[in-house]
Structures are given as structure tokens and as C-alpha cells.
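Student: Pasting a structure here, questions to come.
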Amino acid sequence: MDSEVQKNTSAILRVERLSMKFGGLIAINDLNFEAKRGAITALIGPNGAGKTTVFNCITGFYKPTEGMLTLTRQNGEEYLLERMADFVITKKAKVARTFQNIRLFSGLTVLENLLVAQHNPLMLSSGFTVLGLLGFPTYKKAAADAIEKARFWLEKINLVDRADDAAGDLPYGAQRRLEIARAMCTEPELLCLDEPAAGLNARESAELNKLLLDIRAETGTSILLIEHDMSVVMEISDHVVVLEYGTKISDGTPDMVKNDPKVIAAYLGVEDEEVVELIEQAEAAGVDDITAAVDLLSTEALQEIVETHPDAGPVELIPATSAAKARRAKTPAVKKTSATTVSTATEAAAKAGAIKAGATANALTEPRGGKADRLILIKGIGPVNERKLNEHGIFHFDQIAAWKKADVIAAEAYLDFDGRIAREDWIGQAKKLAKESQAKPAPKKTGGAK
Amino acid sequence: MAEPQALLSIENVETYYGNIRALSGVTVHANPGEIVTLIGANGAGKSTLMMTIFGMPRARTGRIVFDGKDITKLPTHEIARLRIAQSPEGRRIFPRMTVQENLQMGASLDNLQFFDEDSRMVFDLFPRLKERINQRGGTLSGGEQQMLAIGRALMARPRLLLLDEPSLGLAPLIIKHIFEAIKELNKHTGLTVFLVEQNAFGALKLADRGYVMVNGIVKMSGSSADLLANPEVRAAYLEGGRH
């Protein structure tokens, strides 16, 4: 992989074998990726995966423990960022950044914030203040240019009329845009944005998309982006790199990454469109508990992925989706398909792992009749615990109802509880629910029962 | 919903920053066991309303009543003692305290009596925090700090939970977990939740009712389903990239 990376000259930034350790904590572990010139590269991953740490290494806030960060400028000059001080990186290598927690000069006005960003050229043209004090024309011109450039960016981010307000008084979304403008005033070749859409609503993030695409089109700046808002990432980026626990787990086009089962399991859950689709179907079917349905879907889909695809491979979300749909949305039309899909899902689960160690005495390899009870009806059991119980062969209320003391201890061991099962009276609840489900038997495989 | 005694009712509140009026006559209420959401653009005054409930800044006019008691002029720490907990915008955790100590701060109302039990619930929700239990808050990543802020608020065993943009900076999967957890807590313990979110779609899906705020005024209110269906709301807050 390394040699392949080195051959590519169109990369503005090459990250090779980057590692960052804080004492015993490994924040980044042997990371390789590259950002292409003129492209928008997104860096995504779960919280605490090390994304911001990568930025801090690139911009010189941290000295990486190991690895090489090569930045190639438009004019062919190469810089090894890991050897440079942070202010030199901005000045010479032309890298600029924004911050996750906004760091503007909140006491300065909006305009002043943009002028501070142009400190380097202004300082030079004022002969380090001396010529400026003497009123040399070079400085006057430079000052006028700086204001002109600031105005250009203020127009771009739609803040001209607030130029003289203190930056700290702006609403959150405007502060985010101002940070981007301030970074752009240093005329960077690589712009690093740390969660630019955080705290923006749907419409504002659509505006942000446009701003970023404009910046790239007009200035040719390459952009490296950390973001959790998939409507930004998937829409505008050319290339996506996914981190988890400091290691790269996926790398490719937005479409590839979006469908990578590892990414879905670690980060995305189920795709947004699919969730929306499900919500709409659930609404049509008159299901009130929509969020729960969505969440159920995501937990189930995850479980499905983890169990049937322990090591990548194409993922099929459809069975799990329709299973969840069918369980919640009680429409006869869907039910027909559900019976088969549920059983395939559980069969797959059974094949993949069967019962985990430490199970209770009455564990089953698969639910009776291919259909598990909804254990989350028991107060105290959430989707996560339901999954754990299923993994340990508990699918039905009557199983829990029949638990003896030893079983409770075993279950509490794998659920990581102590005393909660007794306190919340799971067994009593389960007995009641088991009786209820016997009274009106749940629809079985046959389907179509109206 | 019928009109039982509201748990929280904010009547005609006006709040100022210096001479600038941030809230002009806001009237909002939350019934016991309800999830209420407040949506609106950045700068509309949503966070100001959250902070006003806690008396920082104080409401200049109007009344804030919690469980029949006027708390408009109550000192902030006394308000917290009434079991109103807040997860503030921008993750204001204690950066020099460890994760464990931050959670203990949240549980201090009960002298840590329920600490083990409640912290287990928090770790169940955010396994990442368990991995980082002895790390200082300030060394956590942004998203982990957000988890800690929410966890700390839950540790107080609140009757009313104020969440200011809980999804900010969190991975999509974690956002789903949080919304799921809020729903579960609400269902099982009857927790009343007052939620401010940019992710209007997700928030309205979760909530029973919603308010739309524009420039310090409540412009619209109604059931979540009504707001979701309202073309004006859709155009302003929902479309252009569904979350």
C-alpha cells in the first residue's frame, strides 16, 4: 500500500504510518490515507476514533509519535508537516483549519477576526510596524487589500452587515461560517474543517454545502473535512476515510463507504433513506411508536450484520428491515413475507454463532416457531439487553418466567447487572406476559390471518 | 392531551442580554411525562430559554413555574435541587475532573446513594465512557464530552430533563442510541423531557409536542405530527438534507 501511495503525485496530503500515543492510550494507530488535490476528502468515524487528533497532527498542534505527513503544494514544494511548528505550517505549507469548539476571537469584531488572519502579509508590508507607522504607501495598499479580501469573504458568508459586531455575539451558525472565512483569509491550499455542520439545522447545512463547493470551485482549495452530518459528507465529498479506534476501517467513494458493512456496524447504523422509508411505511400502517421501530431496526440490522458478516462482504439489510417492519407494522400484507424473513434471519443467527457461553439452563438454539417474543415489553429490558438475551438463547417470556435462582445469576453475569432482575421483577412480569400471549396466541407462520 | 397540572410552565417570559431582548413574551409548558421539543434556527433564542429556566440569565418579566412552585427568582443551585437537570449546549463538563468524578457531581444530590446503579445505566448507554472512566473530562474527544454531559444530567435522577442539542457532534449511531434511551426513560420512569434540537426531524419524531421559535417568539406550536406535516415547518427546518 505504501508504494502505491507514494507514486500518486496528485495527492496534496499523504498520511503514512501515522501513530499518536498519549501515554498508554493509542489515539491513532498506523494510519495511511491521502487527500487528493482539489478534492473534498471526508474523515468520519465514531466519537473518540481519533479524527480530531489526525487534524491536530496535520496542523502541528501535536507532534505525532510516528509517521510521515507530506504536503505537496501547487508549485511542487514538499513539506513534512510532522517536523514543522504550527505557525510555520500555516505560513509556509498553507494549511488552515477550523475548530470543533468554535475558537474565534470573541471580543474582536467580525472584520477584525478576518484581519488578524492576514497578520503575516500585513506585518511584512508594514516593515514589521516601522514602515506602517511612517505611513509608507506599500502598507496603506496592503491594509486596503486586506479589508477588501475580508469584505469578499464576508459577502460569501453573508455577514457583511454584521462586520462591526463582536464575533461572540453572532449566532452559532454564523460563527461557524466566520471561522471558515477566517481560515480562507490565510489563502490556504488545504483547508481542514472540524465538524463545520455541527449545530446547524437542515437548511443551514445545505447552505454550508454550497459554500464549500463554491470555495473549491473558485479558489481550487482542497478540503479535508470531519463531519457527522451525513447530508454533508455524502453529498459533497469525493472521497471518504473511516476511522475506528484510531485505525482505518474503510476508504473509498461515498457510495462504497455508505454500503460497507463495517461502517454500518461501527458508525452509521442503517442508512438514512431506509429509516425514512420505514418511518413512512410505519406511518401509513398507523404505528404510533415510530422511533422505537426505527431503533429496533437499527439494532436488529446491526446484529444481523455482525452475525452473518463477521468479516465484511456485501450486506443485505433487506431481511432485517422487513422483519422489523413486519413486527411493528401489523399489516396483513407485510406479514406474509415476514414469516419467512424472520425465520431466515434467525436461522442465519443460529448458524453463525448459536448460543453464547454462560447461558442459562433453559436456553434454546432458536426461537420456537421461528418467532421470538418481544422481550422489551418487560420493564427493564431494552433493545440492547434483548439482543444479549437472544444471543444467549432466551427468546420467550415463559423462558424468563421459568428462571431459577441459578439462572438469574447466570443471566445477570452476561447482562452485567446485579440485583436488577429481582428488583424489577422480570420473572413476575414475564409470567404475566406469557399468560397474556397464550390467551391470545400470536399470529404464526401461516400469515394472511385477518 | 387534557390539561393536567403542567410540570413546567413558562408564562410570558422576557429575557435580555444587556439591552438586547432575546426572548419576547415566551409561553411554553410541559406536562408530566411528556417529551416536548423546541425547534428553530440558530439565534432564535432556544438555548436562552433553556438557560432562563435555570435563572442564568434571569427572566426580566414573566413567570416560570415548576410543579406548582414559582422558580423565577430562585437561585440556580436551588433550582437544580428541585431535580431539574440540564445537559447544556457546548458540553460544559468539568474538564479537570475524571469521567467518574463528573458523574459523581451529577449524583451529588443523593450523596451518591444510587451512584452504582445509575452509573451502570449511563455506561450501558455510552460504553465509551466506561472505557474512559479514569480519564480527565478535558482529554475526551468532543463527542465523548457530549456523552458525559448527558450522562451527568441523567445521574441526577431528574424529574425534568433539559437537553440542549444532545446530538451535537455525535456519530449517527450514537444519536439513535440517545433518542432511544430518552424514549425508554420517558416510557418507563415517566421522565419529562424538554429537548432543543437542530435535528428537527429526529426531535419531532421523538417528541409528543413541539414549539417553533423565531427571533425570540414562539411562532407555532402543536403536536409533533401536525408540525411535521406543516408545509412552513417543512420548508424552514426539515427539507434541504434530511437528517
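Student: Here are the criteria: (1) surrounded by fewer than 22 Cβ atoms within 10 Å (Cβ to Cβ); (2) closer than 26 Å to A:Ile376 by Cα. Tell me which single one B:Ser119 does not satisfy.
Tutor: In the conditions (1) surrounded by fewer than 22 Cβ atoms within 10 Å (Cβ to Cβ); (2) closer than 26 Å to A:Ile376 by Cα, B:Ser119 misses (1) alone.
Student: Report, by residue number, each residue of segment B:159-198 that is of a type in the set (Asp, Glu) and in the same structural domain as B:Leu7 (by the TED database).
Tutor: Applying the first criterion (of a type in the set (Asp, Glu)) to segment B:159-198 yields B:164-165, B:180, B:184, B:197.
Residues satisfying the conditions are B:Asp164, B:Glu165, B:Glu197.
Student: Kindly check whether there is at least one residue in segment A:53-73 that is more than 14 Å from chain B (Cβ to nearest Cβ), within 22 Å of A:Met230 (Cα to Cα) and among the aromatic types (Phe, Trp, Tyr).
Tutor: no
Student: Please work out if A:Arg176 is in contact (Cβ under 8 Å) with a residue 60 or more places away in the chain, surrounded by 24 or more Cβ atoms within 10 Å (Cβ to Cβ), of a type in the set (D, E, K, R) and at negative phi.
Tutor: yes
Student: Another question, if that's okay. Quick one: which helices (runs of 4 or more DSSP H) sit completely within segment B:167-234 and have at least 1 residues that are over 21 Å from A:Ala198 (Cβ atoms) and facing chain A (nearest Cβ under 10 Å)?
Tutor: The qualifying helices (runs of 4 or more DSSP H) are B:172-189, B:224-229.
Student: Give just the number: which of (1) closer than 26 Å to A:Ile236 by Cα; (2) of a type in the set (S, T, N, Q); (3) in the same structural domain as A:Lys210 (by the TED database) does A:Gln100 not satisfy?
Tutor: That leaves (3) as the condition not met.
Student: Restricting the search to segment B:165-191, which residues are hydroxyl-bearing (Ser, Thr, Tyr) and surrounded by 22 or more Cβ atoms within 10 Å (Cβ to Cβ)?
Tutor: B:Ser167
Student: Looking only at residues that are out of contact with any Gly (no Cβ under 8 Å at 6 or more places or on another chain) and within 8 Å of another protein chain (Cβ to nearest Cβ) in segment B:139-166, which one is farthest from A:Asn47 (Cα to Cα)?
Tutor: Step by step, filter segment B:139-166, then rank; the result is B:Thr139.
Okay, residues lined up against (1) touching a residue at least 60 places away in the same chain (Cβ under 8 Å); (2) of a type in the set (A, V, I, L, M):
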{"position": "B:Leu140", "(1), (2)": "no, yes"}
{"position": "B:Arg152", "(1), (2)": "yes, no"}
{"position": "B:Arg157", "(1), (2)": "yes, no"}
{"position": "B:Val212", "(1), (2)": "yes, yes"}
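Student: Of everything in segment B:92-147, what is more than 23 Å from B:Ala171 (Cα to Cα), among the small types (Gly, Ala, Ser) and touching a strand residue (DSSP E or B) at 6+ places or on another chain (Cβ under 9 Å)? Give them in sequence order.
Tutor: B:Gly106 - this is the single residue of segment B:92-147 that is more than 23 Å from B:Ala171 (Cα to Cα), among the small types (Gly, Ala, Ser) and touching a strand residue (DSSP E or B) at 6+ places or on another chain (Cβ under 9 Å).
Student: Just checking: which of the strands (runs of 3 or more DSSP E) contained wholly in segment B:3-92 hold 1 or more residues that are surrounded by fewer than 19 Cβ atoms within 10 Å (Cβ to Cβ) and modelled with pLDDT of 90 or more?
Tutor: B:8-17, B:20-30, B:61-66
Student: Restricting to segment A:199-234, count the residues that are in contact with a Ser or Thr (Cβ under 9 Å, 6 or more places away or on another chain) and either closer than 24 Å to B:Gly40 by Cβ or at the interface with chain B (Cβ under 9 Å from one of its Cβ atoms) (or both).
Tutor: Count: 9.
The values are calculated or read from the model by the stated rules, or taken from the named source; none is laboratory data. Because the structure is a prediction, the values reported are computed rather than measured. In this analysis, Cβ positions are derived from the backbone assuming ideal geometry, glycine residues included, and neighbour counts consider all displayed protein chains.
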